[in-house]
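One structure is given below, encoded as structure tokens.
The values are calculated or read from the model by the stated rules, or taken from the named source; none is laboratory data. Because the structure is predicted, anything quoted here is derived from the model rather than measured. Using ideal geometry, Cβ is built from the backbone for each residue, glycine included, and neighbour counts are taken over all protein chains shown.
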Amino acid sequence: MLRALLVLLAVGLAVYAVLDVLRSRDDEISVLGRTAWVVISIVLPVLGPVLWITVGRQRAEGGGGGGGGGSRPRGPLGPDDDPGFLRDLHGPRRG
């Protein structure tokens with residue numbers, strides 16, 4: 001039972017790494033090329049994915065918030081960050 005669980009874990013890790021390599025943009029892949037990482041992840045089903053996660057992929061800096069994109073949204077995040085909104089606060093009021 002334990003052996004089957006370890007094999008299943010190794011296969012799942014390899015599948016995750018291969019899919020992650022294939023979905024990554026070219027600027028997110030470091031050290032080796034896409035094909036090399038796929039081959040390494042398949043040939044070395046435990047060590048390959050661990051190397052991909054730790055060395056191969058280069059994610060956006062500034063936090064590990066998990067999966068939603070690389071860069072911060074542009075523009076104001078709230079009303080107090082919007083210069084137009086703040087300018088209108090001091091203008092004449094209607095009504």
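Testing residue 19 on (1) of a type outside the set (Asp, Glu); (2) at pLDDT below 90; (3) closer than 15 Å to residue 57 by Cβ, one condition comes back false. Which one is that?
Tallying (1) of a type outside the set (Asp, Glu); (2) at pLDDT below 90; (3) closer than 15 Å to residue 57 by Cβ, residue 19 fails exactly one: (2).
Taking the stated definitions as given, is residue 62 exposed (fewer than 12 other Cβ atoms within 10 Å of the Cβ), at positive phi and either part of a helix (DSSP H, G or I) or modelled with pLDDT under 85 (or both)? Full working, then the answer.
Numbers: exposed (fewer than 12 other Cβ atoms within 10 Å of the Cβ): yes; at positive phi: yes; either part of a helix (DSSP H, G or I) or modelled with pLDDT under 85 (or both): yes.
Yes: the conditions hold for residue 62.
Just the residues that are free of Cβ contacts under 8 Å to residues at least 12 places away in the same chain and of a type in the set (Val, Ile, Thr), please, taken from region 23-42.
Within region 23-42, 35, 39 meet the criteria.
How about region 19-55: which of its residues are in a helix (DSSP H, G or I) and of a type in the set (Ser, Thr, Tyr)?
35, 41, 54
What number of residues in region 23-45 are small (Gly, Ala, Ser) and buried (at least 16 other Cβ atoms within 10 Å of the Cβ)?
Count: 2.
Looking at (1) touching a residue at least 12 places away in the same chain (Cβ under 8 Å); (2) surrounded by fewer than 16 Cβ atoms within 10 Å (Cβ to Cβ), which is the one condition that is false for residue 20?
(2)
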